[in-house]
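See structure below.
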Amino acid sequence: MVRLKNRYICFELQFQTQADGTDSLERAATSQRSHEVLSARTIHAFVREQIKLNFGDSGAGLVLSGLQVKYFSPQTHMGILRVPRDHCQMVSAALVLTTMVNKRPYTIRVRHVSGTIKKCQRAAIQTDRELIVAWHLKQQALAKAGAASITGDHALQTMLKESESQISALEI
């Protein structure tokens, strides 16, 4: 019996920097309010299109049989993909070459590539923490300047715990 070997890619969708200086979590909240919610299904379809665009039908045929979105968070725009080990670089290249997702300017940053989902989960939790804490600090700075209402430390802890529990709940 042959064992199928996979790699796990932890990635982050980033809005391209705009002149207004808003960060990605603020833009993510704005995009959710405008009914453009990204989901695991839209990410899978998007990755499939990017592989076909960049590597043609043969590349798509090689990769798509083992491609699976294991996790995607619409709040932080972080995700984990499972791909066949032999074609991991092809998928990473397709992600990095991306400039548009759903006709919106995005870039994709590959944060971590691992042979086990456990290591990828740890990288995703660390990245989520960094994003949430940075967003919280920016909200506090805006609140001090009087531009926004402040969110409490309890809300920060709740967001961190929720994010960690969602990522840790992945099927191994």
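Scanning segment 39-58 turns up no residue that is part of a loop (DSSP other than H, G, I, E, B), closer than 25 Å to Gln139 by Cβ and at pLDDT 60 or above.
Candidates Thr98, Thr116, Thr158: the one that is crowded, with 16+ Cβ neighbours inside 10 Å and either hydroxyl-bearing (Ser, Thr, Tyr) or at pLDDT below 85 (or both) is Thr98.
Could you list all residues from segment 55-73 that are over 19 Å from Lys5 (Cβ atoms) and surrounded by fewer than 17 Cβ atoms within 10 Å (Cβ to Cβ)? Passing the criteria: Gly56, Asp57, Ser58. The set of residues in segment 74-95 that are among the basic types (Lys, Arg) and crowded, with 16+ Cβ neighbours inside 10 Å contains only Arg82.
For segment 119-155, name all the residues that are loosely packed, with under 14 Cβ neighbours inside 10 Å, at pLDDT 75 or above and more than 16 Å from the chain's Cα centre (by Cα). Those that are loosely packed, with under 14 Cβ neighbours inside 10 Å, at pLDDT 75 or above and more than 16 Å from the chain's Cα centre (by Cα): Val133, Ala134, Leu137, Ala141, Ala143, Lys144, Ala145. Every listed requirement among (1) open to solvent by less than 60 Å² (accessible area, probe 1.4 Å); (2) of a type outside the set (Phe, Trp, Tyr); (3) at pLDDT below 85 is met by Leu13 save one, (3). Every listed requirement among (1) farther than 19 Å from Val37 by Cβ; (2) out of contact with any Phe, Trp or Tyr (no Cβ under 8 Å at 6 or more places or on another chain) is met by Arg109 save one, (2).
The values are calculated or read from the model by the stated rules, or taken from the named source; none is laboratory data. In this text, all values refer to a predicted model and were calculated from it rather than measured experimentally. Because the Cβ atoms are built from the backbone with ideal geometry, glycine has one as well, and the counts that use them run over all protein chains shown. Please note that ligands, DNA and RNA were not included when accessible areas were found on the heavy atoms of the full protein model with its side chains. Shrake-Rupley method; radii C 1.70, N 1.55, O 1.52, S 1.80 Å.
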